[in-house]
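Note sheet for the following structure.
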Amino acid sequence: MKVVAFGASTSKNSINKALATYTAKLVEGADVTVLDINDYDVPMFSEDKEKEIGQAEGAQKFLDDIAGADALVISFAEHNGHYPAAFKNLFDWATRINRTVYGDKPAVYLSSSPGPGGAKSVLAAATGSAGFFGGNVKASVSVANFYDVFDMGTGEVKDDTVATELKAAVAKLTA
């Protein structure tokens with residue numbers, strides 16, 4: 001099974017990319033590819049810009065990279081209760097090429113934050129709108145207090161409850 005994972009964040013040290021990577025690697029026998037949304041260069045979306053350039057090449061590359069997956073693990077960063085602007089912009093461009101961005105592939109949606117909220121607002125927005133964009137969400141998990149439960153040095157979850165919840169989530173990808 002080929003699993004594509006990414007954090008919807010542009011941070012070099014993204015906790016959401018770390019969480020998505022860890023979680024995707026829990027899929028037994030999976031070939032995991034981790035995407036970095038910084039690799040998909042797109043201008044700020046507007047209808048005027050779209051008329052000027054047509055489709056953004058970075059958005060097409062993003063869609064192509066997702067298309068090769070059997071399953072997705074996406075962890076959403078939260079900025080002021082919603083998606084980070086860079087991810088939303090990439091996503092907007094991608095939907096203009098193919099509205100069903102996620103191709104109905106089974107997916108686990110995650111979110112995390114350093115604080116007690118666990119980025120639940122953006123996770124709710126992502127899961128709530130998934131069906132409009134080809135999202136086939138099998139499970140979703142919010143991880144609060146990230147640095148208390150995850151060791152960035154080893155890339156491992158150090159909280160047994162969170163580890164169990166993530167394992168149960170990825171098990172639904174193949175159920």
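What follows draws every value from the coordinates through simple rules; no lab data is involved. All of these numbers come straight from a predicted model, not from anything done at the bench. Ideal geometry is used to build each Cβ from the backbone, glycine not excepted, and the neighbour counts take in all protein chains shown.
Summary of the geometry: region 15-53 and region 123-163, compared by the centres of their Cα atoms, lie 15 Å apart.
Please go through region 31-125 and write out the trypsin sites (Lys or Arg not before Pro) that DSSP classes as loop and that have at most 15 other C-beta atoms within 10 Å.
Working: sites: Lys49, Lys51, Lys61, Lys88, Arg96, Arg99, Lys120; in loops: Arg99.
Taking region 31-125 and a limit of 15 other Cβ atoms within 10 Å, the loop trypsin sites (Lys or Arg not before Pro) found are Arg99.
The lysine pair count for region 1-111, using Cα distances under 29 Å and pairs eight or more places apart or on different chains, is 25.
If packing is taken as the mean number of other Cβ atoms within 10 Å per residue, what is the order of 65-72, 101-108, highest first?
Numbers: 65-72: 18.1, 101-108: 21.1.
By packing density, highest mean first, the sequence is 101-108, 65-72.
Three principal axis extents describe the C-alpha atoms of the chain; from largest down they are 51, 33, 28 Å.
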